[in-house]
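The values are calculated or read from the model by the stated rules, or taken from the named source; none is laboratory data. These numbers come from a predicted model, not from an experiment. Glycine gets a Cβ as well: all are built from the backbone with ideal geometry, and neighbour counts include every protein chain shown. Ligands, DNA and RNA are excluded from the accessible area calculation, which covers all protein heavy atoms including side chains. Shrake-Rupley method; radii C 1.70, N 1.55, O 1.52, S 1.80 Å.
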Amino acid sequence: MDMSVPELAIVAKIGREMFPRADVLAWEDERIDAAAGKVGVGAPAPAPIAERREAWLHTKQELGSDELLRRLGRDTTIADAMGRLAKISGRRRRSVTELFVPGGSAHQFTEWFTAITIASDEAALLRACPDHFVLRMYNGTQQVLETNGGSPFAALFDIDYDDVSSLTTPVDVQFPDRLDGVARGSDGTAIGGVRHQFRDTSDGVHARVLVEFPLTVPGSVVRGHRWHLACEFSNWFEAAIADAA
């Protein structure tokens, strides 16, 4: 979302609590500082969140995907080794956030998201969350380099949106539109996945966005990732609705 995209009064349900858009934006503002520190650069100067978001996007684009992968190489090696422990058990931990979006439609959003994913629209994908470092199509799948929740390590994995074979979360037939796929580590191990589900409401969209993590991932990271989900999908919804206007 760029500075010309208006904010929407999106409400996030995290656990049993409801949070207004301002709380998610405050989380995003703090994570910009943490993400900048992670890659060893200065954070954007204090400013309205829309300005800091664009400044941080500009920094990531200037560094480029290859340099970000290099700088976070130690992190991803550790995270990948931990992910391979998923072979021990097929059990998963689930990180779930629900969003109530005023405006738009479930189908329009999933079509929009699929389009920016296939096109590797770097700006739209990276600006959605401070912890997004690389999101691009790579050898037929989406390569993702990001920090999950409050994890001390950035993780590198691929999401195959054409494969849902190892997901453990059932489809909810009340949510007719979905974005889902299997996440794999460097050796091809299925380490988790995403099952994001959407439905229209009388005034917009109800989104249930969910990530399946390996059982080996600490609960604190899984719980923390709910804010990551609220941040990225709120920003994506605002951008999608603005693009459709």
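Against the list (1) more than 19 Å from F237 (Cβ to Cβ); (2) modelled with pLDDT of 95 or more; (3) open to solvent by less than 30 Å² (accessible area, probe 1.4 Å), the condition V164 fails is (3).
Within segment 190-202, being open to solvent by 20 Å² or more (accessible area, probe 1.4 Å) and modelled with pLDDT under 95 holds for A190, I191. I want to confirm something. Restricting to segment 30-86 and keeping residues that are modelled with pLDDT under 95 and of a type in the set (S, T, N, Q), which single residue is farthest from C231 (Cα to Cα)? Here the residue is T77. Can you name the residue in segment 169-188 that is of a type outside the set (K, R), at pLDDT below 95 and open to solvent by 20 Å² or more (accessible area, probe 1.4 Å) and is also farthest from T141 (Cα to Cα) among such residues? The selected residue is D187. Could you run through segment 30-62 and say how many residues are among the polar types (S, T, N, Q) and without any contact (Cβ under 8 Å) to a residue 40 or more places away in the chain? Summing the residues that are among the polar types (S, T, N, Q) and without any contact (Cβ under 8 Å) to a residue 40 or more places away in the chain in segment 30-62 gives 1. When T114, T147, T97, T141 are checked against the criterion of being over 12 Å from the mean Cα position of the chain (by Cα) and open to solvent by less than 40 Å² (accessible area, probe 1.4 Å), a single residue qualifies: T141.
Of the listed requirements (1) part of a helix (DSSP H, G or I); (2) open to solvent by 20 Å² or more (accessible area, probe 1.4 Å), W236 misses just one: (2). Looking at segment 117-138 only, could you name the residues that are farther than 16 Å from V194 by Cβ and crowded, with 19+ Cβ neighbours inside 10 Å? Within segment 117-138, A124, L126, R127, P130, F133, V134 meet the criteria.
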